[in-house]
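Following: one structure in structure tokens, then a few remarks.
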Amino acid sequence: MKKFLSASAATMAMTIAFSSSAMAETWYPYPVEVWTPPFNMDSPRSKTDYEPLAEASQKWNLCVSFPHMKDAYWLGVNYGITEEAKRLGVAATVTDAGGYTNLNTQISQIEDCVSAGADAVIIGAIAYDGLNNLVAEINENGIPVIDVINGMSSDQLSAKSLVSFGEMGAKAGEFLAELHPAGGESAKVAWFPGPAGAGWVEAGNAGFLGAVEGSAIEMVETKYGDTGKEAQARLVEDTLQTYPDLDYIVGTAVTAEAAIPILRSRGLADKIKVVSYYYAPGVDRGIARGQILAAPTDSTVIQGRIAVDQAVRILEGKDYLKHVGPELYVVTQENYDEFDAASTLAPNGFRPVFSVK
């Protein structure tokens, strides 16, 4: 690994990495943070440039489990994982549990996939604790399990490719707190962190609330819910009925996307501002069009790619980073032209891939 030098070097590396259309060949090196000791988000972090293997030594079979494919955030993960599987020359079977209320579906899908002969399993978990027994069973059979994006509490995991959603929430909160510092103009905020019980949601909620504490932000409502667009739209509409004098709607990427037409139809687009605490294509368009103020990016595509590389390295007995995630930064209307979306979003027109042969 080459040592990471500076934030400006990171920006330059990302610009070089994504300026070419040959994304599959040039996504690396990529600036990341490494947690040591691993599996503790409070551990000290070091910075480095991630470089994957050139290819796998054989056609390993990977099982990949997603909570759902209902929003474009997971489409980006799907793109990263399946493209990296193709680049490395391994097979992958991808499953979709259908939503954050379907933990039993996710468990049964993973069990079926493992029974079909998976060499390694990559899981975007529906629940922080709910898959721990399954992870232990898979691990007992000598099959590595990689935790991608959402986070799991199991100590039987082989690796994690993810960022701190606590920091994602905090970055959104810090953005607002800078606009409304203590003693400044107050602002009423409705907060939509996502589905209750998901590890990333609980972390994001804690990070956001911690960041706005002591500022002039007034939290008037917190509403949890599935990240389907219809579910988030209902939550936004219900909140506007109760709090028509809001200043900000802050929440998931789906919340932000759903809020835009609702605010426009009610004539509130100039009064109520929107912030997302993670990135997706609708957020990207919203920022470009001046409809969304800002959103931190966790380089979703890269997290998926790294998870595949970790799995292959483990299977081949090669050195690997046990707990790694891309560096976070906030995309705003002011710096949007400097943001290269290839780290975070699937290409336009990309459709979910469920099998890589």
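The values are calculated or read from the model by the stated rules, or taken from the named source; none is laboratory data. Since the structure is predicted, the reported quantities are computational estimates derived from the model, not experimental observations. Cβ placement follows ideal geometry from the backbone for every residue including glycine, while neighbour counts extend to all protein chains displayed. Ligands, DNA and RNA are stripped out before the accessible areas are found, and what is left, the full protein with its side chains, is counted by its heavy atoms. Shrake-Rupley method; radii C 1.70, N 1.55, O 1.52, S 1.80 Å.
Worth pointing out:
- Condition met for residue 231 (touching a helix residue (DSSP H, G or I) at 6+ places or on another chain (Cβ under 7 Å) and either of a type outside the set (Phe, Trp, Tyr) or modelled with pLDDT of 95 or more (or both)): no
- Top-ranked residue in the stretch 138-166 [being surrounded by fewer than 20 Cβ atoms within 10 Å (Cβ to Cβ) and assigned to a helix (DSSP H, G or I); ranked as nearest to the chain's Cα centre (by Cα)]: 139
- Taking the stretch 326-357 as the range and being farther than 17 Å from residue 295 by Cα and of a type in the set (D, E, K, R) as the test, the residues that pass are 351, 357.
- Selected residue (criterion: surrounded by the fewest Cβ atoms within 10 Å (Cβ to Cβ)) from residues of the stretch 277-300 that are part of a helix (DSSP H, G or I) and in contact with a Leu (Cβ under 7 Å, 6 or more places away or on another chain): 281
- The stretch 13-44: number of residues that are at pLDDT below 50 and either among the aromatic types (Phe, Trp, Tyr) or open to solvent by 20 Å² or more (accessible area, probe 1.4 Å) (or both): 10
- Screening 206, 159 for residues that are at pLDDT 95 or above and farther than 21 Å from residue 77 by Cα leaves exactly one candidate, 206.
- Subset of the stretch 302-326 (residues that are open to solvent by 10 Å² or more (accessible area, probe 1.4 Å) and in contact with a helix residue (DSSP H, G or I) (Cβ under 6 Å, 6 or more places away or on another chain)): 320
Here's the yes/no breakdown for (1) assigned to a strand (DSSP E or B); (2) under 23 Å from the mean Cα position of the chain (by Cα); (3) at positive phi; (4) surrounded by fewer than 19 Cβ atoms within 10 Å (Cβ to Cβ):
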residue	(1), (2), (3), (4)
46	yes, yes, no, yes
59	no, no, no, yes
84	no, yes, no, no
92	yes, yes, no, no
105	no, yes, no, yes
112	no, no, no, yes
122	yes, yes, no, no
136	no, no, no, yes
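- Residue satisfying condition, being at pLDDT below 95 and of a type outside the set (Lys, Arg), within set 304, 282: 282
- Within the stretch 327-357, the set of residues being under 20 Å from residue 69 (Cβ atoms), open to solvent by 30 Å² or more (accessible area, probe 1.4 Å) and part of a strand (DSSP E or B) comprises 355 only.
- Among the numbered conditions (1) farther than 22 Å from residue 348 by Cβ; (2) modelled with pLDDT under 95; (3) touching a Gly at 6+ places or on another chain (Cβ under 8 Å), the only one that residue 274 does not meet is (2).
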